[in-house]
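Working notes, structure below.
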Amino acid sequence: MHSYHDASAVVRALSPDEPVIINRPHAAARAASFFAEKFPGKSLYAVKANPSPELLQVLWASGVTHYDVASIAEVRLVRSVLPQAVLCFMHPVKPAGAIAEAYKVHGVRVFSLDTPEELDKIVRATDGATDLSLCVRLRVSSDYSELSLASKFGVDLADAAPLLQATRQVADALGICFHVGSQAMTPFAYVQALERVRAAIVDASVTVDIIDVGGGFPSIYPGMEPPPLEDYFGAIHRAAESLPVSYSSELWCEPGRALCAEYNSLVVRVEKGRGDELYINDGAYGALYDAAHVGWRFPVRCLTEGRSEVLAPFAFYGPTCDDADYMEGPFLLPADIRPGDYIEIGMLGAYGAAMKTRFNGFGEGLVVESTDEPMASQYLGNRRDPRQSDNVVSLR
Ligand SMILES: *Cc1c(COP(=O)(O)O)cnc(C)c1O
């Protein structure tokens with residue numbers, strides 16, 4: 001894959017007609033090493049955030065040995081790219097055929113569930129296997145996260161005891177997992193969830209071998225500067241240490257966003273301007289799904305030289321013919337930006353590059369590498385301490 005110094009060099013060399021995805025393997029490697037060295041337990045990469053095989057190889061080479069997969073296609077993909085990886089099938093609702101293939105063909109031993117029916121399904125699909133690690137997904141609050149994952153999955157605390165007891169009967173190792181929601185803006189999200197885990201363990205009086213605090217570890221976006229990840233790790237460590245679990249129990253986490261957000265940026269071109277709206281060549285059906293659908297603000301910079309220092313707020317329209325292909329922003333760009341100019345949109349490695357579709361004939365485009373730093377980083381150690389600033393938790 002061709003490597004450039006930065007996005008401006010990509011534009012100078014290619015003047016690309018199509019959007020270009022830029023990979024920064026060094027940024028993903030740095031994030032992976034950080035989790036591998038500093039999280040006080042095991043880090044499972046949540047593959048759905050970005051399933052690119054090149055990224056999987058970078059994470060593996062930097063010490064991530066466990067992968068959270070959610071579909072049989074993800075199981076097959078990770079198994080083919082990383083034959084030695086430990087795969088954990090953490091979607092609580094799975095087809096029986098997917099469970100059987102994962103267990104029998106791909107060596108998967110870790111499964112999650114949130115109902116007695118799914119427990120039965122797992123037992124039958126694995127022919128009553130006795131070597132399973134089974135994680136019961138508990139419903140927890142998403143109040144401290146930018147994107148909720150609270151309504152779809154997870155057993156309520158009130159119903160957890162019988163499910164934990166039934167799972168204990170058939171599991172070699174019993175786990176409890178949860179997900180506080182994506183982009184959790186305070187470590188307290190995990191402390192609160194672990195308090196609910198404590199209540200579930202006490203209610204059920206079972207021996208628990210794995211505590212899995214899920215994903216939700218934040219990245220940096222305009223208007224969203226979370227505390228340092230060390231604060232999250234410290235709070236999780238203290239809360240997990242005090243749980244009534246077995247002496248040899250393990251602590252797991254499932255970061256998606258935090259491991260790959262810095263991996264990609266995107267170069268787009270302005271095709272038309274209409275007041276404070278810019279028509280660009282990628283959008284809601286491309287890598288900018290979250291910018292359109294949940295109003296996520298990504299960092300932007302103009303790559304064309306000689307434009308004004310004065311910045312103005314713009315909204316974007318994507319290339320398809322659909323009115324919904326609209327990104328409100330605001331995105332701050334030179335007030336005199338015009339058609340033909342190029343823009344780099346940063347922090348698109350998580351739920352960005354992975355979301356591209358071919359709708360309306362768009363979605364082609366090059367992928368290249370760059371050696372410069374991402375537009376923001378949790379891992380460079382050069383951030384001002386956000387605790388000194390007014391780090392307001394925004395609730396949706
Ligand atoms: C999506 C998902 C993750 C990753 O979440 P992030 O917010 O990207 O860290 C982890 N675990 C499960 C079960 C998920 O569904």
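No value in this document is a laboratory result; all are computed from the given coordinates. Since the model is a prediction, treat every value here as computed from it, not as a measurement. Quick reminder, even Gly has a Cβ in these numbers, built from the backbone with ideal geometry, and neighbours come from all protein chains shown.
Figures for the structure shown
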item: Residues of type aspartates and glutamates that residue 42 reaches as a straight line, Cα spacing below 19 Å, ignoring anything fewer than 8 places off in the same chain; result: 68, 172, 209, 212, 230, 231, 241, 250, 254
item: Amide H contacts under 5 Å for residue 278, placed H, 5+ residues apart; result: 315, 316, 317
item: The range 243-344: GluC sites (Glu not before Pro) falling in loop per DSSP and having at most 11 other Cβ within 10 Å; result: 305, 309
item: Residue 36-residue 274 FRET efficiency (beta carbon distance; Förster radius 45 Å; 0.05 resolution); result: 0.40
item: Euclidean distance between Cα centres, the range 280-340 to the range 136-210, Å; result: 38 Å
item: Relative intensity, log₁₀ I(q)/I(0), of the chain from a Debye sum that treats every alpha carbon as a point, q = 0.13 Å⁻¹; result: -1.07
item: Translational diffusion of the range 55-99, µm² s⁻¹ [Kirkwood Rh, Cα pairs; Stokes-Einstein; 20 °C; 1.002 mPa s]; result: 197 µm²/s
item: Acute angle (nearest 10 degrees) that the helix 116-125 long axis makes with the longest principal axis of the chain, alpha-carbon atoms; result: 90 degrees
item: Using a Förster distance of 25 Å, the FRET efficiency for residue 205-residue 117 (Cβ separation, nearest 0.05); result: 0.60
item: Simple spin-label estimate for residue 371 and residue 310 in nanometres, 7 Å along Cα-Cβ; result: 3.9 nm
item: Among beta bridges that DSSP assigns inside the chain, antiparallel share in %, nearest 5; result: 40 percent
item: Filtered trypsin sites (Lys or Arg not before Pro), the range 124-227: DSSP coil and at most 11 other beta carbons within 10 Å; result: 152
item: Simple label model, 7 Å out from Cα along Cβ direction - residue 360 to residue 323, nm; result: 1.3 nm
item: Kirkwood Rh, angstrom, the range 26-260 [1 / mean 1/r, Cα pairs]; result: 17.6 Å
item: Gain in span if fully extended, residue 84 to residue 147, counting 0.36 nm per residue against the direct Cα distance; result: 19.4 nm
item: Crossing angle, helix 25-38 versus the chain [Cα axis fit, 0-90 degrees, rounded to tens]; result: 30 degrees
item: The range 280-336 - convex hull of the alpha-carbon atoms, volume per residue in Å³; result: 79 Å³
item: Gain in span if fully extended, residue 73 to residue 12, counting 0.36 nm per residue against the direct Cα distance; result: 18.2 nm
item: For the range 6-148, fraction of C-alpha pairs farther apart than 21 Å, in %; result: 54 percent
item: For the chain, calculated [θ]222 nm from helices alone, where every DSSP H run of n ≥ 4 adds -39500 (n - 2.57); result: -8500 deg cm²/dmol
item: Solvent-free Debye scattering, log10 I(q)/I(0), computed from the Cα coordinates of the range 318-360 at q = 0.14, 0.18, 0.34 Å⁻¹; result: -0.47, -0.79, -1.18
item: Residue pairs, from the table 38/356; 38/121; 48/152; 121/356; 121/152; 38/104, whose Cα atoms sit over 26 Å apart; result: 38/356; 38/121; 121/356; 38/104
item: ³J(HN,Hα), Karplus 6.51/-1.76/1.60, whole Hz, each residue of the range 294-301, x for Gly, Pro; result: 10, x, 5, 9, 9, x, 10, 8
item: Residue-count net charge about residue 124 - beta-carbon cut-off 15 Å; Lys, Arg +1, Asp, Glu -1; result: -2
item: Rounded tilt (10° steps) of 72-81 against the dominant C-alpha axis of the chain; result: 80 degrees
